[in-house]
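Accompanying notes for the structure given below.
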Amino acid sequence: KTKFVSIASHEFRTPLSAVLSSASLIKQYNDRREHDKISKHVQRIKSSVDQLTGILNDFLSLGKLEEGKVDVVNEVINPTQFLEEVKEEMSGMLKSGQQLLIDCKFDVADIVSDSRILRNVLFNLISNAIKYSEVDKPIYITCQNGDGKIMFNVKDEGIGIPDEDQKHMFDRFFRASNSGNVQGTGLGLNIVKRYIDLLGGSISFSSEYGKGTIFYLIIPNTTNENKK
């Protein structure tokens, strides 16, 4: 809990300061009728609120996982529709020129899994890909099914993960040595790993420093018979 409080106070400070300064500047620009500058700072406020929401979601998710309060609720999911919804919801986070490119080859119309958990996992991995990639760099989501499993890959062309850090990437509170000023709690991948374990799946990755990272997810495509 002490670590939680320490991390939270540090991570909240930057976006809250940005909101406060932008709100003050918006008032000044409004008085001077400089509407183009107002739009810039409205976007800055939105971005800061997104950061705060992400931090809160990490803490809430980890708290529930640690207390054993996350239940797997399987349901029928249309994968194409599901991924388009994820893409739409994450479009506002993309940096200038970034694109989220989806290439999925499912030979079934529906899959069965926990859509809430799967959404949280993909949100976390895609938001990391966005944060650790420069402008104009694409993020690729590829997926397919087979042998009772669903496979997702999330690939970026970002900063990559140094070799010496790779063995710690799923540790709680760990952040890679090259993460620099990018906001983060160091909880995201630990949460993702716990979620994937709950689904009975596996997660791995490959990364080349300075060139990018690919995360590989494999989860069971739970049948209705398995649910009973």
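The values are calculated or read from the model by the stated rules, or taken from the named source; none is laboratory data. Keep in mind that what you see is a predicted model, and the values were worked out from it rather than measured. FYI the Cβ positions are ideal-geometry reconstructions off the backbone, even for glycines, and counts take in every protein chain you see. In case anyone asks, the SASA skips ligands and DNA or RNA and just uses the protein heavy atoms, side chains included. Shrake-Rupley method; radii C 1.70, N 1.55, O 1.52, S 1.80 Å.
A compact table of results
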quantity	calculated
Of all residues in region 195-211 being surrounded by fewer than 19 Cβ atoms within 10 Å (Cβ to Cβ) and more than 24 Å from GLU134 (Cα to Cα), the one that is farthest from the chain's Cα centre (by Cα)	GLY200
Among residues of region 135-149, those that are aliphatic (A, V, I, L, M) and either in contact with a helix residue (DSSP H, G or I) (Cβ under 6 Å, 6 or more places away or on another chain) or under 15 Å from ILE102 (Cα atoms) (or both), counted	2
Scan of region 173-189 for residues that are under 14 Å from LEU56 (Cα atoms) and either part of a helix (DSSP H, G or I) or of a type in the set (A, V, I, L, M, F, W, C) (or both), ordered by number	LEU187, GLY188
Failed item in (1) within 18 Å of the chain's Cα centre (by Cα); (2) part of a strand (DSSP E or B), with VAL112 passing the rest	(1)
Residue check for PHE170: part of a helix (DSSP H, G or I) and aromatic (Phe, Trp, Tyr)	no
Criterion: of a type in the set (D, E, K, R) and open to solvent by 20 Å² or more (accessible area, probe 1.4 Å) - qualifying residue of ASP171, ASP165	ASP171
Filter pass, ILE141 being of a type outside the set (Phe, Trp, Tyr), outside any loop (DSSP other than H, G, I, E, B) and modelled with pLDDT of 95 or more	yes
Check on PHE123, out of contact with any Pro (no Cβ under 7 Å at 6 or more places or on another chain), of a type in the set (Phe, Trp, Tyr) and crowded, with 20+ Cβ neighbours inside 10 Å	no
